[in-house]
1. Along the Cα→Cβ direction, 7 angstrom out, place labels at Thr111 and Glu62. What is the inter-label distance in nm?
2. In whole percent, and with a 1.4 Å probe on the protein chains, what portion of the accessible area of the chain is carbon and sulfur?
3. Search the structure for amide H atoms under 5 Å from the amide H of Thr81, placed 1.01 Å from N in the peptide plane, and list their residues when 5 or more places away or on another chain.
4. Compute the angle between helix 35-44 and the longest alpha-carbon principal axis of the chain, please, reported from 0 to 90 degrees and rounded to the nearest 10.
5. Extent of region 73-113 along each principal axis, from alpha carbon coordinates, in Å, largest to smallest?
6. Determine the alpha carbon to alpha carbon distance for each of Lys11/Lys56; Lys71/Lys110; Lys39/Lys85; Lys11/Lys109 and list only those over 27 Å.
7. If the elastic network links every pair of Cα atoms under 10 Å, which of Tyr50, Tyr98, Tyr75 fluctuates the most in the Gaussian network model of the chain?
8. If each DSSP helix of 4+ residues adds -39,500 (n - 2.57) and the sum is divided by the residues in the chain, what number results at 222 nm, nearest 500 deg cm²/dmol?
Amino acid sequence: MSSDLSRFFEKSELIPAIIQDYKSGEVLMLAYMNLESLKLTCETGKTWFYSRSRRKLWNKGETSGHFQHVKEIRYDCDCDTLLIKVRQEGVACHTGSYSCFFSELEEYKKTED
C-alpha cells in the first residue's frame, strides 16, 4: 500500500486535504497530510493529519470527540491534492462551527451574472 500512496508525495512531503461532508457537499476544513497520516487514515477510517505548527501527526477528534469517519477519498488530476468525504461527528472547526469556512471576505463584491 505505501508504495502506491507515495505517488502523492513526489512533489512535496505535505499535500492539502480538503474535507467535505459526504451528504451535503459542504467543505468543512482544509488540512495537510504526509504519507504517514494518509496511511493511518486509510487503515483506521478516520482522518489523520500533519500539523505544520506542532510538527506532528494528529487525529481529528482525538481531543474533542468530533471524529471524521471517512466515506471516500479522491485525488486531483495532478495527484497532489486530496478530497476526503466524511461523516462528521459533531463539528469540524475548533471554534465550534460545523465548518471552518463560515467567514466571508467583505472586500470581495459579487457582481451580477
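The values are calculated or read from the model by the stated rules, or taken from the named source; none is laboratory data. None of the values given here were measured: they were computed from a predicted structure. So basically every Cβ, Gly included, is an ideal-geometry build from the backbone, and we count neighbours across all protein chains shown. To get the accessible areas, we keep the full protein, side chains included, count just its heavy atoms, and leave off ligands, DNA and RNA. Shrake-Rupley method; radii C 1.70, N 1.55, O 1.52, S 1.80 Å.
1. Placing both labels 7 Å beyond Cα along the Cβ direction yields 4.7 nm.
2. Details: 3640 of 7560 Å².
It is 48 percent, rounded to a whole number.
3. Result for Thr81 returns Asp76.
4. Approximately 90 degrees, to the nearest 10.
5. 34, 32, 17
6. Working: Lys11/Lys56 20 Å; Lys71/Lys110 34 Å; Lys39/Lys85 16 Å; Lys11/Lys109 35 Å.
Going by Cα-Cα distance, Lys71/Lys110; Lys11/Lys109 fall outside the 27 Å limit.
7. It is Tyr75.
8. On the way: 2 runs with 14 residues, N = 113.
After summing the helix terms and dividing by the residues of the chain, the value is -3000 deg cm²/dmol.
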